[in-house]
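In what follows, a structure is listed as structure tokens, so that the remarks can point back to it.
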Amino acid sequence: MRKICHEELKKYFCDKLVQIRMIEGLTQAKMAKALLMDERSYIDLEHGKSGCSAVTLVLFLIYVCNDVTGFLDDLRCVFEASKENAA
């Protein structure tokens, strides 16, 4: 189940990064800077080639995400749906 949660987080996080970047009109370089990472690493993260570290997730929640509660509530729903599908 933990592996499923990891994959669901990766997918959800990728989608959320792109969504917020587009809404805010930011470049990938500016998003990378906000997350204190190089642009290539950010691009890999956005395209799902890599997962986010705990530090990246915290930086996202502090500096990028405008609705932390909504983000976590939506992520909880994703995890709960994964649990139901796995059962």
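The values are calculated or read from the model by the stated rules, or taken from the named source; none is laboratory data. Just so you know, these numbers come straight off a predicted model, no measurement behind them. Don't worry about glycine lacking a Cβ; one is built from the backbone with ideal geometry, like all the others, and counts go over all protein chains shown. All accessible areas refer to the heavy atoms of the entire protein, side chains included, with ligands and DNA or RNA removed. Shrake-Rupley method; radii C 1.70, N 1.55, O 1.52, S 1.80 Å.
Could you list, ordered by first residue, the pairs with Cβ atoms under 7 Å in which the first is in region 50-63 and farther than 14 Å from Asp38 by Cβ and the second is among the β-branched types (Val, Ile, Thr) and open to solvent by 40 Å² or more (accessible area, probe 1.4 Å), at least 6 apart or interchain?
Between residues of region 50-63 that are farther than 14 Å from Asp38 by Cβ and residues that are among the β-branched types (Val, Ile, Thr) and open to solvent by 40 Å² or more (accessible area, probe 1.4 Å), the close pairs are Leu61/Val68.
Within region 5-41, count every residue that is in a helix (DSSP H, G or I) and open to solvent by 70 Å² or more (accessible area, probe 1.4 Å).
Here is the first cut: in region 5-41, the residues in a helix (DSSP H, G or I) are 5-24, 28-34, 39-41.
Narrowing further to those that are open to solvent by 70 Å² or more (accessible area, probe 1.4 Å): 6-7, 11, 15, 19, 22-24, 30, 33, 39-40.
Adding up the residues that qualify gives 12.
Any residue in region 66-87 that is touching a residue at least 12 places away in the same chain (Cβ under 8 Å) and under 14 Å from Cys5 (Cβ atoms) sitting within a Cβ distance under 8 Å of a residue that is surrounded by 10 or more Cβ atoms within 10 Å (Cβ to Cβ) and charged (D, E, K, R)? List the pairs, counting only those 6 or more apart or interchain.
Hits for this filter: Val78/Glu8; Phe79/Glu8; Ser82/Glu8.
Before we move on, is Asp44 modelled with pLDDT of 95 or more, open to solvent by 50 Å² or more (accessible area, probe 1.4 Å) and acidic (Asp, Glu)?
Values: modelled with pLDDT of 95 or more: yes; open to solvent by 50 Å² or more (accessible area, probe 1.4 Å): no; acidic (Asp, Glu): yes.
Here the answer is no, as Asp44 does not meet what is asked.
From the residues in region 47-87 that are out of contact with any Phe, Trp or Tyr (no Cβ under 8 Å at 6 or more places or on another chain) and part of a loop (DSSP other than H, G, I, E, B), which one is most open to solvent (accessible area, probe 1.4 Å)?
To start, the set of residues in region 47-87 that are out of contact with any Phe, Trp or Tyr (no Cβ under 8 Å at 6 or more places or on another chain) comprises 47-50, 53-56, 58-59, 62-64, 66-73, 76-77, 79-87.
After this cut, where a residue has to be part of a loop (DSSP other than H, G, I, E, B) as well, the list is 47-50, 53, 66-67, 87.
Working: His47: 118, Gly48: 24, Lys49: 146, Ser50: 41, Ser53: 57, Asn66: 128, Asp67: 88, Ala87: 114 Å².
Across region 47-87, the extreme among qualifying residues is Lys49.
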